[in-house]
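**Student:** First, the structure itself, so that you have it in front of you.
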Amino acid sequence: MARMAMKKLTEQVRELSLVAECENAMEAYNIVSKQPVDLLLLDIEMPGMSGLELTKNLGRKSPFIIFTTAKTNYAVDAFELKVVDYLVKPVELPRLIKAIDRVREAMESDKEQVEVKDKEFVFIRDSGILKKINSDDILYLEAMGDYVKVFTPQKFHIVHATLKSIEEKLPSPKFMRVHRSYIVALNKIDYIEEGVISINGTAIPVADAYRTGLNSRLNLL
């Protein structure tokens, strides 16, 4: 009955197109793993696997998620999993529309993040303008909360994104994560001394967890 009610609500929102209706989390997992899905309206309490567990298992495959539940005590868990919204049943159309608006905003925010084209350059949104930066000009990147600073020899740019999301889009042969807050361009390293990388006069720490991987990527004689 809950699925039927949600289905009728989604039919009233023109921009939504129903891909599938699932009885349990495993069925949803199999569908999301095999075909593109932008949004998952996901109940939390389900047999076998909960909606919380499904969200964790999807990982990078996860579409945008809106939780639906009859209880309010899952709000903290939903916030930690960074779902787009949290709807308490019975869901009403105005509240669903508000949640869809948040999904739209999240999608637009994703488009504003760094995009890699042909592994040679990236686009960064700066003051409403998409600026092209050659990947060879990037010296290093530094995480600053919900933002990332992208440093070039001339200046730095600020991108609203996580360091992890940018790391996945950068050409991996050229760049490497060396610290939870830093990604460096390997060919821009001037020298390394006592676990600290120097790039263009800036000292960048190397975390112990990344030292072995860094040494394997360097062209040591």
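The values are calculated or read from the model by the stated rules, or taken from the named source; none is laboratory data. Small disclaimer: the values here were computed from a predicted structure and weren't measured. Methodologically, a virtual Cβ is constructed for each residue, glycine included, from the backbone with ideal geometry; neighbour enumeration extends over all protein chains shown.
**Student:** I'd like the residue in the range 208-221 that is aliphatic (A, V, I, L, M) and assigned to a loop (DSSP other than H, G, I, E, B) and, out of all such residues, is farthest from the chain's Cα centre (by Cα). Working first, answer last.
**Tutor:** Narrowing the range 208-221 to residues aliphatic (A, V, I, L, M): 209, 214, 218, 220-221.
Right, trim to assigned to a loop (DSSP other than H, G, I, E, B) and you get 218, 220-221.
Values: Leu218: 28, Leu220: 34, Leu221: 38 Å.
Step by step, filter the range 208-221, then rank; the result is Leu221.
**Student:** Further, regarding this structure: Which residue out of Ile66, Ile31, Ile97 is touching an Asp or Glu at 6+ places or on another chain (Cβ under 6 Å), in contact (Cβ under 8 Å) with a residue 12 or more places away in the chain and not aromatic (Phe, Trp, Tyr)? Break it down into steps so the answer makes sense when it comes.
**Tutor:** Values: Ile31 fails: touching an Asp or Glu at 6+ places or on another chain (Cβ under 6 Å); Ile97 fails: touching an Asp or Glu at 6+ places or on another chain (Cβ under 6 Å).
After applying the criteria, what remains is Ile66.
**Student:** Examine the range 191-203 for a residue that is modelled with pLDDT under 95 and under 18 Å from Arg125 (Cβ atoms), and state whether such a residue exists.
**Tutor:** no
**Student:** Of the residues that sit in the range 6-17 and are in a loop (DSSP other than H, G, I, E, B), charged (D, E, K, R) and over 26 Å from the mean Cα position of the chain (by Cα), which one is farthest from Lys89 (Cα to Cα)?
**Tutor:** Initially, the range 6-17 is screened for residues in a loop (DSSP other than H, G, I, E, B), giving 11-17.
Now restrict to residues that are charged (D, E, K, R): 11, 14-15.
Next, only the ones that are over 26 Å from the mean Cα position of the chain (by Cα) stay: 11, 14.
Numbers: Glu11: 18, Arg14: 22 Å.
The residue in question is Arg14.
**Student:** Within the range 12-23, can one find any residue that is more than 15 Å from Ile100 (Cβ to Cβ) and of a type in the set (S, T, N, Q)?
**Tutor:** No, because not a single residue in the range 12-23 is more than 15 Å from Ile100 (Cβ to Cβ) and of a type in the set (S, T, N, Q).
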